Amino acid sequence: MKGRKDIAWKGVRKQRIDQWGHIKPIENDFLLNPLLLDIRGSGIERKEYYMADEIKKRKTPLLDELEEGPWPSFVTDLKKMAEKKPKANDLLGQLELSYKEKKGHWKHGGLVGVAGYGGGVIGRYSDSSELFPNVKAFHTCRVNQTSGWFYTTEALRELCDIWDKHGSGLTNVHGSTGDFVFLGADTDALEPCFSDLTKAGWDLGGSGSDMRTPSCCNGPARCEFACYDTLDMTYDITMTYQDELHRPAFVYKWKFKMAGCPNDCVASIARSDLAVIGTWRDNIRIDQSAVKEYLDKGLNITSDVIMKCPKQCISLDRNELRINNEDCVKCMHCLNVMPKALRPGKDKGATILIGGKAPIMEGALLSSVLVPFMKIEKPYTEFKDLIERIWEFWDEHGVSRERIGECIQRVGMGNFVEAIGLEPLPEMVSSPRDNPYIFYEEYLEEGEEEEE
Amino acid sequence: MVDKVPIEELEEAMYNIVKEYSGKKKFKPGDLTKEMIAQFGEDRVTKKECKDALKELIDSGRLVYGYYGGTSVELPHVEGAAKDI
């Protein structure tokens, strides 16, 4: 940086006077020890500036502690990236400051995005851009992930090359929404980045009050328990509801998650507004020769399988396994312990559950059963009809920032089920035989209500 | 048979309501649809037409999506967080 005249201005920002006498901020100037500065107060203790053509490492004693221990540390990755990316270097500095002051230094943006889309970009700005000019804008882009998170190395390189070109190079693979997340872009970089992504066949995911990027487990690609094609359904839903994904029109966010079997590896029951969990309605398939093999190899079926069955519907009769399928609640324990001997039945489909969410506005909710069994087959017409009826109801009755689960709690499951045209079923009720709030009208004798 | 509201008129009505309440009230896309149905009548505009009108307004850049807790539709402006303190 030879030949530039540097001045310090209230310790806030380093500036230079250009050849026309205009004061300009210096880009990529790095503070050797920003933690000693009190930039907004008057008590500026130290003004040690450092400028160099190379990026100088920041001192991060607090963050360094996160590198200790046996686990991989994001700090190590950040430092690695900071050697070549000024944004990553300033991010380290700001994070260290946050740890020191015990407060965050991000401001939430709300307007940034790409033309026509209302989701996919989450605005972030630094409230300490004087100290960390390279993270003044540090927006996040959510890239719609592949179904089941399968990538070729070529695809990963392509994504990383695009992000190296336009952003900080830092990624979060994958974010809690499931998207492939690009962390840290300038506002001006968003459109070119989006353009490069779309040219390469990628798209942004969801954010805001829209349908979030649907996600699913590996499904039949790698799992023998998958009861339907989670990958295909996720792709189909994503393509069918492009408007709902990119143009937020709901009262709040909406998440789909497809799990191939009741193991629910994507935690759809807890983390999605609408969970599609694979199941079957005939009998568990048993290979008795494989059962014998497990016994021969020393598996204690009585203690490890039979005693752990929540419905006590398994028995062992002279080395033959018997299952009372009518009592089975598809907990998957026996199948998980003896995958070679037990398989889901052949009449496969899914249970549709509604209302799960993590705590944000209200507390966490687990999903409730909406449809105990639905055949999940292309073109998913029955499923889509149901979804559209639910959205119609939510649009009409949901209030601002109310998830569907909260909406159902407010209006009552009975009213909701009636409004979307479903018949109430015992499977919708947790412990229906013991629940004092559930009545079976057909069991009431005529005149019984009046007598009470 | 009732006259349907042309999409251009719907766009203009949506834009005007956002402009009128700018800084006072944030409209969600669904709120705008409800406003339009209330203004023109259920027989003259449908939800689908409102959705199409909003799509045009967003694609033309006259209105933009904003996010502050929930998504709303706003006039384009430099957001507060982007400004230096």
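Numerical summary
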| read-out | value |
| --- | --- |
| Helices (runs of 4 or more DSSP H) completely within the stretch A:260-339 that count 1 or more residues being among the basic types (K, R) | A:268-271, A:288-296 |
| Selection from the stretch A:371-411 of residues that are touching a His at 6+ places or on another chain (Cβ under 7 Å) and under 17 Å from A:K255 (Cα atoms) | A:C407 |
| Selection status of B:G61, within 22 Å of A:D210 (Cβ to Cβ) and surrounded by fewer than 16 Cβ atoms within 10 Å (Cβ to Cβ) | yes |
| Evaluation of B:L10 against (1) more than 30 Å from A:N134 (Cβ to Cβ); (2) of a type outside the set (D, E); (3) within 11 Å of another protein chain (Cβ to nearest Cβ) (one fails), failing number | (3) |
| Extreme residue, farthest from A:P432 (Cα to Cα), among residues of the stretch A:340-358 that are part of a loop (DSSP other than H, G, I, E, B) and touching a residue at least 60 places away in the same chain (Cβ under 8 Å) | A:K346 |
| The stretch A:58-91, residues that are out of contact with any strand residue (DSSP E or B) (no Cβ under 9 Å at 6 or more places or on another chain), in a loop (DSSP other than H, G, I, E, B) and surrounded by 13 or more Cβ atoms within 10 Å (Cβ to Cβ) | A:K59, A:T60, A:L66, A:E67, A:S73 |
| Subset tally (residues that are facing chain A (nearest Cβ under 10 Å) and over 25 Å from A:V114 (Cβ atoms)) for the stretch B:17-45 | 1 |
| The stretch B:56-69 - residue that is within 26 Å of A:R403 (Cβ to Cβ) and at the interface with chain A (Cβ under 7 Å from one of its Cβ atoms) and, of those, farthest from the chain's Cα centre (by Cα) | B:G69 |
| So B:K48, is it surrounded by fewer than 16 Cβ atoms within 10 Å (Cβ to Cβ) and within 12 Å of another protein chain (Cβ to nearest Cβ) | yes |
| Residue tally, condition buried (at least 22 other Cβ atoms within 10 Å of the Cβ), more than 14 Å from chain B (Cβ to nearest Cβ) and in contact (Cβ under 8 Å) with a residue 60 or more places away in the chain, over the stretch A:239-256 | 1 |
| Among (1) assigned to a loop (DSSP other than H, G, I, E, B); (2) more than 30 Å from A:T177 (Cα to Cα), the one test that A:M361 misses | (2) |
| Some residue of the stretch A:92-101 being buried (at least 20 other Cβ atoms within 10 Å of the Cβ) and either within 14 Å of chain B (Cβ to nearest Cβ) or not in a helix (DSSP H, G or I) (or both) | no |
| Evaluation of A:T76 against (1) farther than 25 Å from A:L245 by Cβ; (2) within 14 Å of chain B (Cβ to nearest Cβ); (3) of a type in the set (V, I, T) (one fails), failing number | (2) |
| Options A:R212, A:R157: the member that is among the basic types (K, R) and in contact with a Ser or Thr (Cβ under 6 Å, 6 or more places away or on another chain) | A:R212 |
| Among (1) surrounded by 15 or more Cβ atoms within 10 Å (Cβ to Cβ); (2) part of a helix (DSSP H, G or I); (3) modelled with pLDDT under 95; (4) more than 8 Å from every other protein chain (Cβ to nearest Cβ), the one test that B:S72 misses | (2) |
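The values are calculated or read from the model by the stated rules, or taken from the named source; none is laboratory data. The structure displayed is predicted, hence computed values, not measured ones. We place every Cβ from the backbone using ideal geometry, glycine too, and count neighbours over all the protein chains shown.
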